[in-house]
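Read-outs: derived from the displayed coordinates by stated rules, not from any lab. Keep in mind it's a predicted model, so treat the numbers as computed, not measured. Every residue, glycine as well, gets a Cβ built from its backbone with ideal geometry; the counts of neighbours run over all protein chains shown.
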Amino acid sequence: MRPEPTRIEPIFSPRIWGARSLAPLFPEKTNLKEPLGESWLTGVDCRLANGPFEGKTLGQAWRDMPAEWRGSRLASTENFPLLVKFIFPTDKLSIQVHPDDAYAAAHEQAAGGRGKTEMWHAVSAEPRAQILLGLKPETSKEQFRNGLAGHRLEDFFIPYAVSAEDTFYVPAGTPHTIGPGMVLCEVQEYSDVTYRVFDYGRVDVRGRPRELHIDKALEVMNFDSTEGGKTFGLPLRAQSFDRSLLAACRYFSTERWKNFGTLETQSDTDHFDLLVVLTGCGDFTWSGGTAKFQPGHCLFIPAGLGRFALHAKEPTKLLRTYVPDLAALRSGLMQEGHSQREIAKVVFD
């Protein structure tokens with residue numbers, strides 16, 4: 001089974017805070033009857049569009065993939081490890097928090113038993129776009145409860161203005177909400193466990209308030225951590241294009257690639273890569289063939305693919321994400337001349 005790049009077809013999820021147009025990423029999704037909030041690019045129910053696994057879901061294909069597709073370090077990994085999605089908010093998301101792996105393993109086995117650490121990269125942002133991420137120093141659980149009772153929770157959060165190309169790291173246990181007027185690409189460990197704390201009084205299509213999970217949220221919420229927040233890309237060595245490390249942790253490492261005409265590189269036998277096209281279009285070539293790429297595409301790059309190239313027909317920007325070996329990643333960054341202090345700003349334990 002010869003490795004070849006494989007496009008993953010997205011699944012779109014309705015959300016009450018979503019958008020009725022997903023252009024320009026998905027120009028076919030306009031004038032929608034119901035708002036779509038998320039496009040899951042690597043959901044296990046997403047189908048593969050080409051190659052030897054064409055027509056299978058990602059979950060089915062992952063079970064059948066040999067090590068030369070998965071990568072040597074992921075050969076025995078039971079479940080697909082990365083969830084990548086686009087988020088299209090036209091209203092505030094609920095104020096929420098996600099558990100870590102230990103808590104999820106103990107309390108959320110029915111939902112997969114995995115916690116949720118994530119990062120966001122702003123594909124676009126309107127003026128005054130904002131997120132709330134993490135609590136202000138010295139905020140106590142009692143103050144938070146009182147703020148919840150008085151509907152003034154936002155007073156306790158750290159606000160961040162959002163511009164295109166901004167990146168934010170969101171470790172498990174960090175409360176947050178995303179505001180309207182932006183499109184985000186989210187990379188996370190594969191989990192959909194969310195504890196809502198406050199939902200701004202909204203109701204679903206049947207007129208019922210959405211479920212809140214206040215007790216669980218308060219159990220997992222970290223009131224002391226300063227980890228997380230806005231990150232600033234660390235420039236990486238590359239020929240003929242701009243390459244930056246946006247954020248990395250044990251679950252994912254995400255880079256931004258841009259400003260290239262022809263980009264030649266090769267796969268890593270240690271792990272598969274995902275390439276997510278944010279802007280631009282062109283051709284993707286490898287020893288066994290060629291394919292087109294365009295905004296919204298998510299490409300699975302097998303570990304054993306070898307050399308491949310991207311030929312941009314217009315200004316192109318994409319994200320590369322994979323499951324890293326953190327020790328090897330840190331070592332490589334130090335060999336490139338980055339200090340431990342610089343590395344600590346984008347690589348998290």
Quiz item: Hey, what did the stretch 62-139 get for relative contact order, percent, Cα under 8 Å, at least 6 apart?
Solution: 16
Self-check item: Euclidean distance of C-alpha centroids, the stretch 178-197 and the stretch 61-101, integer Å
Solution: 13
Exercise. Report the label-to-label distance for E342 and E154 in nanometres (one decimal), using points 7 Å from each Cα along the Cα→Cβ vector.
Key: 3.8
Exercise. Read phi for every residue in the stretch 298-312 and hand back ³J(HN,Hα) as whole Hz from Karplus 6.51 cos²θ - 1.76 cosθ + 1.60, θ = phi - 60°, with x for Gly and Pro.
Key: 10, 10, 8, 9, x, 4, x, 5, x, 6, 8, 9, 10, 10, 7
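May I ask for the Rg/Rh ratio of the stretch 308-349, computed from Cα atoms with Rh as the Kirkwood radius, given to two decimals?
When Rh is taken as the Kirkwood radius, the ratio is 1.11.
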Quiz item: Counting other Cβ atoms within 10 Å, which trypsin sites (Lys or Arg not before Pro) in the stretch 105-134 have at most 10 and lie in a DSSP loop?
Solution: R128
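At 20 °C and a viscosity of 1.002 mPa s, what translational diffusion coefficient does Stokes-Einstein give for the stretch 216-287, taking Rh as the Kirkwood radius over Cα pairs? Give it in µm²/s as a whole number. Walk me through the intermediate numbers first.
Details: Rh = 15.5 Å.
Once the numbers are plugged in, D ends up at 138 µm²/s.
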Self-check item: Whether the chain is rounded, prolate or oblate, judged on the alpha carbon gyration tensor where a/c under 1.5 counts as rounded
Solution: prolate
Practice problem: Starting from the stretch 199-284, pick out the trypsin sites (Lys or Arg not before Pro) whose DSSP state is loop and whose Cβ has at most 11 other Cβ atoms within 10 Å. | Solution: R206, R210, R237
Quiz item: When the Karplus curve 6.51 cos²θ - 1.76 cosθ + 1.60 is applied with θ = phi - 60°, which whole-Hz ³J(HN,Hα) does each residue of the stretch 57-70 get, with x for Gly and Pro?
Solution: 6, 4, x, 5, 5, 4, 5, 9, 6, x, 4, 5, 9, 5
Exercise. With an 8 Å cut-off on Cα pairs and a minimum separation of 6 or more residues, tell me the relative contact order of the chain in percent.
Key: 18
Quiz item: What is the helix-to-structure angle for 326-335, meaning the angle in degrees between its Cα long axis and the longest Cα principal axis of the chain, kept from 0 to 90 and rounded to the nearest 10?
Solution: 70
Exercise. Using the charge dipole of the chain (Lys, Arg: +1 at Cβ; Asp, Glu: -1 at Cβ; taken about the Cα centre), state which of I11, L135, L246 has its Cα farthest towards the positive end.
Key: I11
Quiz item: So, how do all the Cα-to-Cα distances of the stretch 234-344 break down into 10 Å bins, in percent, from 0 on up?
Solution: 14, 46, 31, 8, 0
